[in-house]
1. Got a number for residues in the range 137-161 being farther than 18 Å from H93 by Cβ, more than 20 Å from the chain's Cα centre (by Cα) and either charged (D, E, K, R) or outside the structural domain of L390 (by TED's automatic domain parsing) (or both)?
2. May I ask you to verify whether N67 is on the phi < 0 side of the Ramachandran plot, of a type outside the set (D, E, K, R) and in a helix (DSSP H, G or I)?
3. Which residue, of K170, K189, is under 21 Å from the mean Cα position of the chain (by Cα), in a loop (DSSP other than H, G, I, E, B) and loosely packed, with under 15 Cβ neighbours inside 10 Å?
4. I'd like the full set of residues that are without any contact (Cβ under 8 Å) to a residue 40 or more places away in the chain, farther than 16 Å from I5 by Cβ and not in a strand (DSSP E or B), limited to the range 107-125.
5. Given (1) of a type outside the set (F, W, Y); (2) outside any loop (DSSP other than H, G, I, E, B); (3) touching a residue at least 40 places away in the same chain (Cβ under 8 Å), identify the lone condition not met by K194.
6. Looking at (1) aliphatic (A, V, I, L, M); (2) in contact with a helix residue (DSSP H, G or I) (Cβ under 8 Å, 6 or more places away or on another chain); (3) surrounded by 14 or more Cβ atoms within 10 Å (Cβ to Cβ); (4) more than 28 Å from E318 (Cβ to Cβ), which is the one condition that is false for L28?
7. Is there a residue being polar (S, T, N, Q), within 20 Å of V327 (Cα to Cα) and assigned to a loop (DSSP other than H, G, I, E, B) anywhere in the range 238-250?
8. Can we say I316 is at pLDDT 95 or above, closer than 27 Å to L14 by Cα, touching a Pro at 6+ places or on another chain (Cβ under 6 Å) and crowded, with 20+ Cβ neighbours inside 10 Å?
Amino acid sequence: MKKKILHIITQSELGGAQRYILDIARNLKNEYDVVVAFGEQGSKGELAAHLEKTGIPFFVIHRLKRNISPLNDILAYFAIKRLIREIKPHVVHLNSSKISILGSLAVKNCINKSYSPLVVYTVHGWVFNEPMGSLKRRIYFELEKRTAKYKDKIICINKMDLHQAEKDLKISKKKLSLIYHGLDTSQYKTLSKKEARAKLFAAIRNAKIPDEKTIIIGSIGNLYRTKGYYYLIKAMHYLVIDYGFPVTAIIIGEGPERSDLEARIIKFHPMDYNAMDGEVGNKIILAGRIDNAAELLPAFDIYACTSLKEGFPYTILEAMNAALPIVATRVGGIPDMISDNINGFLVEPHDSKTLAAKMAEIIGDTQTRNRLSAQAQYDTSHLFKFSKMLEQTKKIYKG
């Protein structure tokens with residue numbers, strides 16, 4: 001009989017943590033009996049669509065929400081407990097802080113003499129490192145610390161999170177493992193720059209295709225505060241005003257920060273806003289959600305990551321694989337991936353001026369641009385192998 005693995009995550013939109021689950025699930029489905037459960041977006045989310053296409057069963061926990069909600073959290077806890085008792089997985093693999101807490105408590109109260117599953121938790125960036133109030137941060141910190149004893153194995157995806165787990169949360173080293181993400185390149189189509197640009201601009205409503213001299217700076221991610229897109233918008237202002245470069249930034253993704261980002265674009269690029277139809281103009285384009293966005297990376301000349309908090313972002317791995325020169329913030333697992341001035345540039349978060357200066361250096365120096373992009377592509381295939389990540393994860397499942 002195959003071992004049954006239950007992955008649980010808060011949302012079914014396709015962010016990095018969902019990609020992680022999807023890659024593991026579809027590559028282990030023949031060896032294990034894999035099941036996935038999630039809350040927000042439910043069966044309408046991208047993760048659900050991909051799981052259905054791949055033939056992996058899933059369950060929707062309707063009361064499971066991303067934000068703290070005492071009533072919903074209590075009801076979600078009982079729903080998770082019922083699900084575990086019903087399907088009796090051998091391994092419960094938790095993803096996200098909310099599920100780390102609710103899921104580990106639910107498993108604890110399902111254990112008896114005849115049933116005791118292995119509890120695995122992958123930390124996709126400690127939530128208490130996100131921008132939030134001090135009280136909320138303290139609550140998350142204490143809950144993560146107190147519920148760590150209910151997990152058998154904790155996977156950290158970068159050195160910073162591993163360090164915090166040991167030093168701040170006081171988690172035993174025996175429970176901890178460092179496993180970097182790997183890129184499953186079999187899932188990607190290869191497009192030329194011309195093909196990728198044509199497909200990209202065909203997917204963006206009312207976008208004007210820039211001329212060949214325009215440098216396109218791209219970023220992919222949900223429009224959340226933690227992605228730091230305000231600082232990319234400000235950096236674009238410096239690139240245009242201080243450096244005079246013909247640049248366009250395209251942000252692929254959707255989320256609750258859209259209206260605030262549009263207001264920021266109007267502030268820094270007032271001449272690039274069409275008041276007649278309310279459309280943000282062509283210097284910075286909020287492209288919305290585009291399916292299979294990673295395939296369009298060859299359309300970009302530079303990849304920018306302005307995140308304030310990250311785990312081990314797939315988008316950077318994908319940009320490295322696409323041989324793009326990268327400028328990224330020095331947060332979370334990004335320094336594990338990008339070595340400054342070796343395979344990309346690192347800047348401090350919130351620093352739009354340095355971000356602009358590093359992008360200007362890439363634009364103005366062909367030799368630097370080629371050196372960074374070639375090394376990035378090499379490192380993806382040699383340092384961040386998907387097969388290695390999969391084997392390390394399987395060892396965790398064996399207990």
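1. Total satisfying the criteria: 5.
2. Details: on the phi < 0 side of the Ramachandran plot: yes; of a type outside the set (D, E, K, R): yes; in a helix (DSSP H, G or I): no.
Answer is no for this residue.
3. Answer to the selection: K189.
4. N109, I111, K113, S114
5. (3)
6. For L28, the failing item is (4).
7. Looking for residues that are polar (S, T, N, Q), within 20 Å of V327 (Cα to Cα) and assigned to a loop (DSSP other than H, G, I, E, B), one finds none in the range 238-250, hence no.
8. Against the criterion (at pLDDT 95 or above, closer than 27 Å to L14 by Cα, touching a Pro at 6+ places or on another chain (Cβ under 6 Å) and crowded, with 20+ Cβ neighbours inside 10 Å), I316 does not qualify.
The values are calculated or read from the model by the stated rules, or taken from the named source; none is laboratory data. The shown structure was predicted, so the numbers you read here are calculated from the model rather than taken from an experiment. Every residue, glycine as well, gets a Cβ built from its backbone with ideal geometry; the counts of neighbours run over all protein chains shown.
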